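First up is the structure itself, then whatever we jot down about it.
The values are calculated or read from the model by the stated rules, or taken from the named source; none is laboratory data. As the structure is a prediction and not an experimental result, all values here were calculated from the model. Reconstructed Cβ throughout: ideal geometry from the backbone, glycine too, with neighbour counts over all protein chains shown.
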Amino acid sequence: MGKTVAEKILAAHLVEGELKKGEEIALRIDQTLTQDATGTMAYLEFEAIGIPRVKTELSVSYVDHNLVQSDFKNADDHVFLQGVARKFGLHFSPPGNGICHQVHLERFGVPGKTLLGSDSHTPTGGGLGMLAMGAGGLDVAMAMAGKPFYLVMPEIYGIKLTGKLRPWVAARDVLLEVLRQLTVKGGVGYIMEYFGPGVAELSLTDRATITNFGAELGATTSVFPSDENTRIYMAAQGREEQWQELVADADAVYDKVLEIDMSTLEPMIACPSSPDNVVKVSEVAGKPVAQVLVGSCTNSSLRDLTAVAKIMEGREVAREVSFEVNPGSRQALENLTAEGNVLPLLQAGARIHQSGCLGCIGMGQAPPTGMISLRTFSRNFPGRSGNQGDKVYLCSPEVAAASAIKGVITDPRELGEYPDFTLPEKYLPGDERIEPPLPEGTEVEIIRGPNIAPFPEFSPMPETWEGKVMLKLADNITTDHIMPAGAKILPLRSNIPAISEYVFSQVSECFACDMKEAMSAGHFGAVIGGDNYGQGSSREHAALAPRYLGVQVKLVKSFARIHKANLINFGILPLTFAEPADYDKVEQGADMVISGIRNALAEGATTIDVLVNGKKLQAVIDLSKRHREILIAGGLLNWAKGE
């Protein structure tokens with residue numbers, strides 16, 4: 001039986017286990033990336049491991065999230081990250097150089113390689129034919145130390161593309177249609193692999209948009225083949241010698257298949273407040289908009305910015321609209337300028353910002369109260385924009401531009417003929433500010449600002465756990481609910497005691513103080529949740545900060561992949577209800593006792609009894625042998641040091 005693209009890369013990097021669906025495997029990681037919001041903690045963890053230099057083929061530290069330097073915190077982190085890169089042998093991409101996924105695609109991605117990143121949108125690299133996966137910072141730190149990355153062997157979900165996108169219909173609309181059909185839970189446990197005749201109709205950056213946005217399916221990653229379009233892109237980047245063809249075998253078999261005829265698609269939009277709340281743009285057209293943002297790692301490539309600039313030629317943004325453009329990289333901005341496409345944006349009334357994440361992570365660009373914001377971003381979770389009760393819609397650059405011009409949500413086909421444009425055969429590289437690794441043995445001082453706190457230590461798992469249910473939550477709780485982002489909280493990522501004050505602050509203003517009160521009375525904390533608990537960002541702080549406060553158990557209907565891995569890494573026991581109906585029997589404030597935990601983990605038990613106010617219910621332990629050992633030790637660092 002032939003192999004899919006994903007199976008070929010998995011087989012070439014397998015170091016432990018067998019490629020059997022549902023079994024734990026370990027992969028050799030070729031490349032890693034971090035961004036500053038997760039990177040500072042990842043490098044503190046790397047230092048704790050005690051390895052003198054990274055052991056990967058290539059590792060890059062990017063600064064793209066915490067760009068607003070309103071006080072010393074972000075600036076101090078940037079200096080720390082530069083020092084770490086110089087000391088431990090990483091490339092360093094400084095503030096303003098671009099979003100990690102866009103820059104990595106341009107300058108470092110290689111077909112057939114594995115990439116592990118401390119950001120959930122790392123699958124962007126799948127557009128280039130990489131197996132690129134998001135993970136918590138500690139997993140990335142272990143990969144930099146030469147350790148394999150462990151995961152449960154996913155099934156392969158084939159997305160067969162046929163037809164060709166019509167004018168004004170964009171690559172984003174492909175994934176919006178997939179989200180409409182499969183929802184934010186539809187990719188859990190799968191690698192999404194794109195195949196079929198329609199693949200050849202998509203440019204490399206079209207593919208990267210799809211694999212990036214595919215993170216919202218909850219998938220392990222998404223991947224395209226590496227073909228002639230891949231070669232053309234890498235040649236334009238001056239890296240053609242790194243290209244290799246990588247396609248699925250003709251007789252490859254997928255575990256599931258969804259077929260999308262791209263010629264039937266029309267402009268789509270995700271309504272508030274979930275990426276899968278998708279409708280046709282025509283169904284919501286006419287709603288007034290106050291803000292339109294083009295950018296983020298999903299849609300900020302040279303192709304996207306050029307399309308918007310050409311649409312804006314000879315037109316003006318509606319006076320009621322703040323139209324803002326965030327280039328994805330210095331390269332994209334340099335080439336946009338060289339091709340003469342910045343002036344049309346400025347003349348139309350656009351505000352052009354530095355290359356970076358900015359409003360996508362809540363670092364500025366918050367919308368007006370109660371007014372609609374259209375964004376070419378990846379997420380519209382409640383409050384992620386920086387305002388509670390926000391009305392954020394997700395759309396393509398074409399829909400964004402048309403709506404900015406008209407002042408209302410607009411089907412871009414109303415603008416008439418789609419503008420004709422071509423991209424350069426050779427790009428200006430735009431990598432002048434990226435620092436390559438220094439020679440091994442170079443003396444480097446790492447400067448640590450006062451906001452950089454030591455990594456906390458955690459005790460091993462007890463045999464009997466006693467505590468209280470501190471919070472009960474519904475389905476699809478995101479890591480933004482657990483550990484919010486934004487300009488106020490993000491700068492605290494390197495200070496766990498400080499950032500822990502904001503755990504669950506979006507859903508319970510007093511959670512941190514309630515935990516402190518409970519701990520002072522000798523009670524640890526448990527959190528109850530519904531389906532798809534922990535979806536969204538890879539931020540490990542959503543596990544680390546609750547653990548610091550004393551949360552040691554999470555009992556839910558189901559977990560998102562990365563968050564579950566992060567819980568294990570920091571010694572939080574992830575349990576699921578054996579009977580989903582038992583969720584209704586557990587109330588916030590209830591006393592909880594779980595006996596025989598260490599023994600159950602060591603003996604490989606698949607269930608364990610949980611006493612809630614003295615009444616017994618059963619929970620499922622769905623963990624590998626290695627995960628069980630990590631939990632017994634109290635977390636991954638404890639386990640690694642004990643090897």
message: I'd like the full set of residues that are among the aliphatic types (A, V, I, L, M), surrounded by fewer than 23 Cβ atoms within 10 Å (Cβ to Cβ) and not in a loop (DSSP other than H, G, I, E, B), limited to segment 474-498.
response: 492, 496, 498
- prompt: Restricting the search to segment 61-83, which residues are crowded, with 24+ Cβ neighbours inside 10 Å and not small (Gly, Ala, Ser)?
  reply: 62, 63, 64, 65, 66, 74, 77, 81
- prompt: So residue 314 clears everything in (1) over 28 Å from the mean Cα position of the chain (by Cα); (2) outside any loop (DSSP other than H, G, I, E, B) except one condition, right? Which one?
  reply: (2)
message: Could you go through segment 218-233 and let me know if any residue there is part of a helix (DSSP H, G or I), at negative phi, in contact (Cβ under 8 Å) with a residue 12 or more places away in the chain and exposed (fewer than 15 other Cβ atoms within 10 Å of the Cβ).
response: yes
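For every residue, the table says whether it meets (1) assigned to a loop (DSSP other than H, G, I, E, B); (2) surrounded by fewer than 24 Cβ atoms within 10 Å (Cβ to Cβ).
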{"residue": "292", "(1), (2)": "no, no"}
{"residue": "305", "(1), (2)": "no, no"}
{"residue": "309", "(1), (2)": "no, no"}
{"residue": "323", "(1), (2)": "no, no"}
{"residue": "334", "(1), (2)": "no, yes"}
{"residue": "341", "(1), (2)": "yes, yes"}
{"residue": "346", "(1), (2)": "no, yes"}
task: Could you pull out the residue among 31, 82, 102 that is outside the structural domain of residue 542 (by TED's automatic domain parsing), under 25 Å from residue 456 (Cα atoms) and at pLDDT 95 or above?
output: 82
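When you check residue 150 against the structure, is it under 29 Å from residue 393 (Cβ atoms), of a type in the set (Phe, Trp, Tyr) and not in a helix (DSSP H, G or I), yes or no? Steps first, answer last, please.
On the way: under 29 Å from residue 393 (Cβ atoms): no; of a type in the set (Phe, Trp, Tyr): yes; not in a helix (DSSP H, G or I): yes.
When the stated conditions are applied, residue 150 does not pass them.
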message: Under 7 Å between Cβ atoms, which residue pairs at least 6 apart in sequence (or on different chains) link something in segment 343-363 that is in the same structural domain as residue 290 (by TED's automatic domain parsing) with a partner that is aromatic (Phe, Trp, Tyr)?
response: 349/323; 350/323; 351/323; 360/377
field: Residues of segment 517-530 classified as modelled with pLDDT under 95 and either crowded, with 23+ Cβ neighbours inside 10 Å or of a type in the set (D, E, K, R) (or both), total
entry: 1
- request: Those residues that are at pLDDT 95 or above, in a loop (DSSP other than H, G, I, E, B) and acidic (Asp, Glu), I need them from segment 603-643; list them, please.
  value: 622
query: Would a scan of segment 574-581 turn up a residue that is touching a helix residue (DSSP H, G or I) at 6+ places or on another chain (Cβ under 8 Å), in contact (Cβ under 8 Å) with a residue 24 or more places away in the chain, surrounded by fewer than 24 Cβ atoms within 10 Å (Cβ to Cβ) and farther than 24 Å from residue 500 by Cβ?
result: yes
